[in-house]
Amino acid sequence: MIKIHTIVVSDFYQNARIIYDTTQCKCCIIDPGANINALVSHIDFSIYTVESIFLTHCHIDHAGGVIPLLNELKKYQREKVTLYYHSKEIIIGENIENYGKAIGLPDNEFFNAPKPDILVDTIDTFKVGAITAQVLATPGHSPGHVSLFFSGYQSKLSGYFSLEQSTDSPILIAGDCLFRESIGRTDLPFSSHQDLMSSIKDTLFKLPKETIVLSGHGHNTTIGHEKEFNPFIN
């Protein structure tokens, strides 16, 4: 079984997530933008090992907490944590602190992302323990934005927006590509509205309509709901 726990972090109200393989007792932290203590406090380190951090993209609210998270994890486990993100996100990750200063955020709140251990543009699948997700290229909101698609598993969703929901439906970790009745911004550096529309229509909308979409901000939705009701696409 997959367990996916959502925690809203930072003043950007970003959905950071912990994905658990409950059989092999491994987990992955998705998009740790901030509030690292809240993320770490949810993990029972007597049972689970954090084996990876996966970034859908490197904007400040999704990647600004990677360094403090890595430092905090050293207190609880000896195992190396592998960082995954796309090569086209490196320049964004290297300038998180500059961006924070430019928009007036306090120093020492968000940090540049370290270089990835594994580039997600070199892999087609991603594993949490024995659970395998398909890596989907979904650029537009940012140049190397990716999404994760889990299919064929029983899943339990907990935390914000989930109400301890269990489901057999496929799960999409969508980052900031697709939201409930909205889409990712494309007025940021390196964004492309044309690429975003292509990612949604040609990649995400080809997924099963019952796919549950876990977005980077806000409530969960489904592919079927967005195909019918999203005003930015229809």
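Give me TYR160, TYR84 sorted ascending by neighbouring Cβ count inside 10 Å, so fewest comes first.
Ascending number of Cβ neighbours within 10 Å: TYR160, TYR84.
For the chain, with the dipole built from +1 on Lys and Arg beta-carbon atoms and -1 on Asp and Glu ones, taken about the Cα centre, which of PHE45, TYR99, PRO143 lies farthest toward the positive end?
Farthest towards the positive end: PHE45.
If we count other beta carbons within 10 Å of each Cβ, what is the order of THR56, THR186, fewest first?
Lowest count first: THR186, THR56.
Can you tally the net charge around ALA137? Count Lys and Arg as +1, Asp and Glu as -1, for every other residue whose Cβ sits under 11 Å from the Cβ of ALA137.
-3
Work out how much length HIS219 to THR82 would gain on full extension: take 0.36 nm times their residue separation and subtract the Cα-Cα distance, in nm to one decimal. Don't skip to the answer; put the middle values down first.
Working: separation 137, 0.36 × 137 = 49.32 nm, distance 2.84 nm.
Full extension from HIS219 to THR82 adds 46.5 nm.
Multiply the residue gap between ASP11 and THR122 by 0.36 nm, knock off their C-alpha separation, and tell me the result in nm, one decimal place.
36.7 nm
Specify which residue in the list ALA34, SER155, HIS217 is farthest towards the positive end of the charge dipole of the chain, using unit charges on the beta carbon of Lys, Arg (+1) and Asp, Glu (-1), about the Cα centre.
It is SER155.
For each of TYR20, TYR48, count neighbouring Cβ atoms within 10 Å of the residue's Cβ, then give the residues from fewest to most. Please list the in-between numbers first.
Working: TYR20 25, TYR48 21.
Lowest count first: TYR48, TYR20.
Regarding the chain, what are the three Cα extents along the principal axes, ordered largest first, in Å?
Here the spans come out as 48, 43, 32 Å, largest first.
Given the Cα-Cα distance of ASN98 and LYS206 and 0.36 nm per residue of separation, how much length would full extension add, in nm?
35.1 nm
FYI, it's all coordinate maths here, none of it is from the lab. This structure is a prediction, so every number in the text was calculated from the model and none was measured. No Cβ is skipped: glycine too gets one built from the backbone with ideal geometry, and neighbour counts run over all protein chains shown.
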